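The values are calculated or read from the model by the stated rules, or taken from the named source; none is laboratory data. Not measured: the values here are computed from a predicted model. Reconstructed Cβ throughout: ideal geometry from the backbone, glycine too, with neighbour counts over all protein chains shown. Side chains are part of the model used for accessible areas, which takes the heavy atoms of the whole protein and leaves out ligands, DNA and RNA. Shrake-Rupley method; radii C 1.70, N 1.55, O 1.52, S 1.80 Å.
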Amino acid sequence: MTDMTANYAALEPSRAEKFRQRTVPLIAFAVLLLVIPLFNPSRSMVTLLNHMGITIVFALSYNMLLGRAGLLSFGHAVYMGLGGYFAVHVMNWVADGSGFWGAVPVFTMPAFGFGAGALAGAVIGWPSCRRAGTPFAMISLGVAELVAAAGFMFDSLFGGEMGISGDRMSGPEFLGLSLGPVDEVYWFIAFWTFIGVLGTYAFTRTPLGKLSEATRDNPERVEFVGYSPQRVRYLVFIFAGAFAGMAGGMSAVQDEIFTPENLSLIPSGAILIATYVGGIRYFTGPIMGAIIMTYMGSNLSDYTAGWLLYLGLMFVGVVMFLPNGIAGIVYGTTDTIRAGRLGEVWQSWLIRLAGLVLIATSVITIVEVAFRWSEGYGEVFEPFGLHLDTTNLLTWVLGVVPLVLGVLLVLKSAKGESK
């Protein structure tokens, strides 16, 4: 062993560090999935958790493209949708109970979705991955529109506007699960969520996963050392489509229906936002983003009619000021505490937090008053007993003053950290 190889070997993490960094988080995630039912969550909460699991796998598959390979796709829902549609068709074949399909348990539907997503990725990715950057993004947009339009045209495959429904209780049981009660569906979702997380993480440790990052950063150098960037992108595209199809198979069992809307730009845009808000540089970033966005999408609409606007503002704010997303905040804070620098920055953090609270107060006031005024039903925004409408001077004070003060505080904290 030369001195150079010895130095490189010294940089490799020890076996204990590998176990702590790679294996322990997966074990903790599995334990979390096992203990959640012990808290007796309500049926609505279990359904929300099921959708979180589906979105986690979907977001991780999307980050294989965006975060790992640097491919911005506006049509990733196509592969989840096609995988889900195929899984629903298989569920109906299982319900008929004839031949081979009569012995297939519905529990295995994500595996069929995985295969359908991989096949769709192989077919669509062959021309799409010949280009990267903006051309790839535009191709993905065109493919999404094309497939979504086909969903309304070919009724025998996609069921038209009504979609295709299935019965998750058909076929033989697996591990004693009939998949009828939502509590049993939770174990189905938990199992396949863990498989999806484990599979996508394992992909990041493979040579192909490492090559995808190299192709993202410097495709010319990858080609120089003897690999084809186009082939690397194509293979990553297939795997991303496969795991998206797995999420589609999970969704088919959970919701028992798929419609052309599942192929449209709306879910593609939603998963883009969730992945980026969570943080595309970190493996756990899409998981955080999927959990937060699913929860907000399910519950925020109960409190405000402008919840989509808040999601959009949050996405713009993350893109402009927090490119590493929520995971960047979490890991940055953890690194600061471990380095013993908390005493140096806590004042700056408090100032920034106060500024963000003031900005949020101003934005919420403006948005809520504007929505109620535009609806024209005479409703008034009344937080904490305050009567805020467009004719009240207090409304404009709360809409402008906190915004100005918040921006000044955020700029002051940023200036203090840069010194």
Worksheet entry | For the range 9-86: rounded, prolate or oblate by the Cα gyration tensor [a/c cutoff 1.5] | oblate
Practice prompt. Taking the Cα atoms of the range 180-247, report the difference between the largest and smallest coordinate on each principal axis, in whole Å and largest first.
Written response: 55, 18, 15
Response to the item:
Under the rule rounded for a/c under 1.5, else prolate if a/b exceeds b/c, else oblate, using alpha carbon gyration tensor axes a ≥ b ≥ c, the range 2-148 is classed as oblate
Worksheet entry | Relative contact order computed over the range 271-419 (Cα-Cα under 8 Å; 6+ residues apart), in percent | 22
Worksheet item: Within the range 268-301, whose backbone N sits under 16 Å from a point 7 Å along Cα→Cβ of M45?
Response: 295-296, 299
Worksheet, complete the sentence: Rg (one decimal) and Dmax (whole number) from the Cα set of the range 260-303, in Å, equal 11.3, 32
Worksheet, complete the sentence: Using a 1.4 Å probe on heavy atoms of the protein chains only, the accessible area for F191 in Å², nearest 10, reads 100
Worksheet entry | Spatial extent of the chain: Rg and Dmax, with the Cα atoms as the point set, Å | 24.0, 80
Worksheet entry | Accessible area, probe 1.4 Å, largest first, for residues R15, R168 | R15, R168
Item to complete: At 37 °C and 0.692 mPa s, grab the translational diffusion coefficient of the range 166-306 from Stokes-Einstein with a Kirkwood Rh over Cα pairs, rounded to a whole number in µm² per second.
Response: 186
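Can you sort M293, M320 by 1.4 Å-probe accessible area, starting with the largest?
Ranked from most to least accessible, the order is M320, M293.
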Item to complete: Report in % the part of the accessible area of the chain that belongs to carbon and sulfur, leaving out ligands and nucleic acids; probe 1.4 Å.
Response: 67
Worksheet entry | Computed Kirkwood radius, in angstrom, where 1/r is averaged over Cα pairs of the range 44-88 | 11.7
Item to complete: With a bin width of 10 angstrom, please list the P(r) values of the range 300-346 as percents of all Cα-Cα pairs, from the 0 bin to the one holding the largest distance.
Response: 24, 32, 28, 15, 2
Worksheet, complete the sentence: Once the in-chain neighbours fewer than 8 apart are removed, the aspartates and glutamates whose Cα is under 17 Å from K415 read E344
Discussion item. Rounded to the nearest 20 debye, what is the charge dipole size of the chain about its Cα centre when +1 sits on each Lys and Arg Cβ and -1 on each Asp and Glu Cβ?
Written reply: 1660
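Which of rounded, prolate, oblate describes the range 111-167, given a ≥ b ≥ c as roots of the alpha-carbon gyration tensor eigenvalues and a/c under 1.5 marking rounded, otherwise prolate only if a/b is larger than b/c?
Oblate shape, in that a/c is at least 1.5 and b/c is the bigger or equal ratio.
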Worksheet item: Per-residue accessible area for M153 at 1.4 Å probe radius, Å² rounded to 10?
Response: 130
Worksheet item: Accessible area per residue, 1.4 Å probe, Å², for the chain: what's the number?
Response: 53
Practice prompt. Run the 1.4 Å probe and let me know the accessible area of E220, rounded to the nearest 10 Å².
Written response: 120
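Provide the gained length on full extension for the span R231 to R22, in nm with one decimal, where the gain is 0.36 nm per separating residue minus the Cα-Cα distance.
72.4 nm
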Worksheet, complete the sentence: Cα extents of the range 290-419 per principal axis, largest first, Å, are 55, 33, 25
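Contact order normalised by length for the chain, with contacts defined as Cα pairs under 8 Å and 6 or more residues apart; what percent is it? All intermediate terms of the calculation are to be shown ahead of the outcome.
Details: 608 pairs, mean separation 93.8, N = 419.
Once divided by the residue count of the chain, the mean separation gives 22 percent.
Would you kindly work out the equivalent ellipsoid of the range 225-327 from its C-alpha gyration tensor and give its semi-axes, the square roots of five times the eigenvalues, largest first in whole Å?
In descending order, the three semi-axes are 27, 21, 11 Å.
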Item to complete: Could you work out the Kirkwood radius for the range 149-191, taking every pair of different alpha carbons, averaging 1/r and inverting it, reported in Å?
Response: 12.4
Practice prompt. Using a 1.4 angstrom probe on the protein heavy atoms only, line up I351, I366 by accessible area, largest first.
Written response: I366, I351
Worksheet item: So which DSSP H runs in the chain come out at 18 Å plus along the axis (Cα) with average Kyte-Doolittle of at least 1.0?
Response: 109-128, 133-153, 182-204, 265-278, 307-321, 342-375, 393-418
Response to the item:
Over the range 74-220, the quotient of the Cα radius of gyration and 2.2 N^0.38 Å is 1.23
Discussion item. Compute the distance from the alpha-carbon center of the range 160-238 to that of the range 354-419, in whole Å.
Written reply: 42
Discussion item. Averaged across orientations, what area in nm² does the convex hull of the alpha carbons in the range 151-221 project?
Written reply: 9.0
